[in-house]
Amino acid sequence: MVIVMKDSASETMVDAVSEKLEKYGFKVHKVVGVNRTILGGLGDIRNLDIREFEIMEGVLEVLRITEPYKLASRAFHPDNTIVEIKEASFGSDVVTVCAGPCSVESEEQLYTIAREVKKAGAKVLRGGAFKPRTSPYAFQGLGERGLQLMQQVGEEMKIATVSEIMEIAQLDLMVQYIDIIQVGARNMQNFSLLRELGSVKKPILLKRGLAATIEELLMAAEYIMSGGNYEIILCERGIRTFENYTRNTLDISAIPVTQKRSHLPIIADPSHGTGRRDKVAPMARAAVAAGANGLIIEVHHDPDHALSDGAQSIYPHQFQRLMEELRMIAWAIGKRI
Ligand code: PEP
Ligand code: MN
């Protein structure tokens with residue numbers, strides 16, 4: 001249930017509604033907007049007469065939210081949530097691009113790629129240190145050393161960083177070294193991990209699971225939000241379909257669908273979404289045209305020798321050209337990069 005307070009409602013009126021909600025066993029989340037305050041009550045509304053709240057002083061409107069996700073729902077928070085970190089902003093009229101290697105491989109590799117992507121206009125450096133690989137014999141990432149390198153390069157080049165967490169045990173390291181914590185597709189429904197991330201004071205990049213519906217993605221976000229962390233960036237990274245010519249099927253329609261249902265920003269990952277270098281630029285352009293709040297793209301200066309995902313990593317000169325094209329597309333729809 002969501003209770004929208006009038007512009008003129010005083011703090012005492014808001015507190016009275018909040019206390020009444022608690023009395024009925026609701027967990028209360030308060031969002032103080034520029035103009036008005038909204039109270040979200042999480043609990044069982046089946047036996048509740050909502051008129052009891054409608055008649056309270058200062059109450060404008062009481063909404064039953066029928067979706068299973070509440071805090072992630074647009075009804076709860078009609079304006080876009082804007083997640084800001086360093087020079088990056090997700091959810092405003094800016095299209096924010098994250099770029100970098102799939103995995104951090106060495107100091108030299110990371111510096112080389114970071115310099116190129118920053119120069120081309122990326123606002124976040126990506127780089128995995130803990131890698132979820134399909135084969136246990138494939139490169140598993142540099143671990144803590146990889147995170148240290150991300151922090152070092154991020155600070156030196158004044159660029160925010162994003163890296164993937166695979167398990168709760170890595171949380172302290174992530175918090176210490178990384179600006180945005182990524183939950184990968186394979187962990188989207190690792191509910192105990194999601195719960196832990198609810199109490200972290202860092203933005204979370206939450207990727208859609210390989211076979212997850214949009215509703216399941218929003219429920220995963222709800223897990224994190226119900227713990228108190230509202231800074232979530234969703235990511236469409238392609239889903240498993242019967243199609244084999246691409247690694248996954250990038251579900252472009254998930255972008256407008258999610259934006260209608262939720263206030264959270266959503267970005268697209270055309271690298272994992274297609275799995276092929278020559279398909280990355282067209283799908284990146286399509287995602288921005290469809291209204292994505294940003295992109296995350298794998299870039300490598302020597303993809304033939306990359307330790308992971310070389311086939312879908314684009315060269316720095318391709319990335320630079322793509323950024324120029326994206327600027328024009330963003331401009332055409334009233335946004336900027
Ligand atoms: C990645 O970003 O390198 C990654 C493993 O992504 P996903 O979880 O989408 O497969
Ligand atoms: Mn990858």
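The values are calculated or read from the model by the stated rules, or taken from the named source; none is laboratory data. Just so you know, these numbers come straight off a predicted model, no measurement behind them. Cβ sites come from the backbone with ideal geometry, for glycine too, and all protein chains shown count toward neighbours. The protein model used for the area step is the full one, side chains on, heavy atoms only, and it has no ligands, DNA or RNA in it. Shrake-Rupley method; radii C 1.70, N 1.55, O 1.52, S 1.80 Å.
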Among the residues of the range 134-158, which ones are assigned to a loop (DSSP other than H, G, I, E, B), open to solvent by 70 Å² or more (accessible area, probe 1.4 Å), touching a residue at least 24 places away in the same chain (Cβ under 8 Å) and on the phi < 0 side of the Ramachandran plot?
none
The residue that is nearest to Ser103 (Cα to Cα), considering only those in the range 309-332 that are within 11 Å of ligand 2 (Cβ to nearest atom) and not aliphatic (A, V, I, L, M), is Asp309
List every residue pair whose Cβ atoms sit under 6 Å apart, with the two residues 6 or more apart in sequence or on different chains, where the first one lies in the range 77-106 and is in a strand (DSSP E or B) and the second, anywhere, is open to solvent by 30 Å² or more (accessible area, probe 1.4 Å) and within 16 Å of ligand 1 (Cβ to nearest atom).
Ser103/Leu307
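Residue by residue, here is whether (1) free of Cβ contacts under 8 Å to residues at least 40 places away in the same chain; (2) part of a helix (DSSP H, G or I); (3) buried (at least 22 other Cβ atoms within 10 Å of the Cβ) holds:
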site: Val117; (1), (2), (3): no, yes, yes
site: Leu125; (1), (2), (3): yes, no, yes
site: Val162; (1), (2), (3): no, no, yes
site: Gln189; (1), (2), (3): yes, no, no
How many residues of the range 159-177 are more than 16 Å from ligand 2 (Cβ to nearest atom) and under 19 Å from Ser106 (Cα atoms)? The answer is 5
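So that you can scan it fast, the table gives a plain yes or no per residue for (1) open to solvent by 40 Å² or more (accessible area, probe 1.4 Å); (2) under 30 Å from the mean Cα position of the chain (by Cα); (3) free of Cβ contacts under 8 Å to residues at least 40 places away in the same chain; (4) not assigned by TED's automatic domain parsing to the domain that holds Leu217:
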{"site": "Ser8", "(1), (2), (3), (4)": "yes, no, no, yes"}
{"site": "Met13", "(1), (2), (3), (4)": "yes, no, no, yes"}
{"site": "Val17", "(1), (2), (3), (4)": "no, no, no, yes"}
{"site": "Tyr24", "(1), (2), (3), (4)": "yes, no, yes, yes"}
{"site": "Lys30", "(1), (2), (3), (4)": "yes, yes, yes, yes"}
{"site": "Thr37", "(1), (2), (3), (4)": "no, yes, yes, yes"}
{"site": "Gly40", "(1), (2), (3), (4)": "no, yes, yes, yes"}
{"site": "Asp44", "(1), (2), (3), (4)": "yes, yes, yes, yes"}
{"site": "Glu57", "(1), (2), (3), (4)": "yes, no, no, yes"}
Could you give every pair whose Cβ atoms fall below 7 Å, whose first residue belongs to the range 296-317 and is farther than 20 Å from Ala268 by Cα, and whose second residue is open to solvent by less than 70 Å² (accessible area, probe 1.4 Å) and assigned to a strand (DSSP E or B), counting only separations of at least 6 or pairs across chains?
Leu307/Ser103
Just checking, which of Ala221, Ala185 is modelled with pLDDT of 95 or more, within 15 Å of ligand 2 (Cβ to nearest atom) and touching a strand residue (DSSP E or B) at 6+ places or on another chain (Cβ under 7 Å)?
Ala185
In the range 279-308, which residues are within 16 Å of ligand 2 (Cβ to nearest atom), open to solvent by 10 Å² or more (accessible area, probe 1.4 Å), assigned to a helix (DSSP H, G or I) and over 15 Å from Glu236 (Cα atoms)?
Lys279, Asp304, His305
Subset of the range 201-216 that is among the aliphatic types (A, V, I, L, M) and touching a Leu at 6+ places or on another chain (Cβ under 7 Å) - its residue that is surrounded by the most Cβ atoms within 10 Å (Cβ to Cβ)
Leu206
